[in-house]
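Step one of this worksheet: look at the structure below.
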Amino acid sequence: RDSVQTLSTQCFDSANVMFEHYQALDRLWNTKQKLSHSNGLKLRVYLLSWLGYLYATTEGFRDLRMRLLLQNKRPESFQELIAECDAIGKLDKRYANDLRVLRNDIFHLRTDDEAIRKFFLDDGERMKWAKELHAAFGAFFSNYRMLAEVHCLLSGRLGESQIRQAGAERRKKKAGRPRS
């Protein structure tokens, strides 16, 4: 029900999965200096999907008007995230349009790879930026989840607590196991 956690789950978590797969294949490439055809295709899919989901995350972050949301629609304890929010906004602006154009080119039928080629023709600066933006989102969403969890627990909204839900799941699994 929390729009920020929905953004994290629907967009950023997808970006994170694609980024992890991309990194694994990139390490393999760096080690062997070659990839099979299948892994080469996967590398491209993971890389471009990661960047597409990263853009979807930035778009959602802007659409939620995150700074105002934190200021006006969250408890006071969430104010500590405003500095991170501002840093993400500033970081996003550096190449936001390039990432938007790339995302559009990735997920829409295209006649050439010009937008993709253009995004990567900068001596790695945009990739460095994308990794930095990804890490900033990761830290923000992690900190947000912690604050939301504490807020739920302190407010007596135990049914919304992820910790309590995980504990209940563990107890169910444990109860279902035969004793040795």
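The values are calculated or read from the model by the stated rules, or taken from the named source; none is laboratory data. The shown structure was predicted, so the numbers you read here are calculated from the model rather than taken from an experiment. For neighbour counting, all protein chains shown are included, and Cβ atoms are generated from backbone atoms with ideal geometry for every residue, glycine included. Ligands, DNA and RNA are excluded from the accessible area calculation, which covers all protein heavy atoms including side chains. Shrake-Rupley method; radii C 1.70, N 1.55, O 1.52, S 1.80 Å.
Scalar couplings 3J(HN,Hα) for segment 100-116, obtained by applying the Karplus form with A = 6.51, B = -1.76, C = 1.60 to θ = phi - 60°, are 4, 4, 4, 4, 4, 5, 5, 9, 10, 4, 10, 9, 8, 9, 4, 5, 5 Hz; x denotes Gly and Pro. How big is the Kirkwood radius of segment 1-145, worked out from every pair of different alpha carbons and given in Å to one decimal? This gives a value of 16.2 Å.
Surface composition of the chain: carbon and sulfur make up 52 percent of the accessible area, probe 1.4 Å.
Based on every Cα atom in segment 55-95, Rg and the maximum pairwise Cα distance Dmax equal 10.4, 32 Å. Cross-link pairs exceeding 28 Å between alpha carbons, from the set K93/K118; K42/K174; K34/K128: K42/K174. Loop-resident trypsin sites (Lys or Arg not before Pro) (DSSP state other than H, G, I, E or B) in segment 1-92 with no more than 15 further Cβ atoms inside 10 Å of their Cβ: R1, K34, R65, K73.
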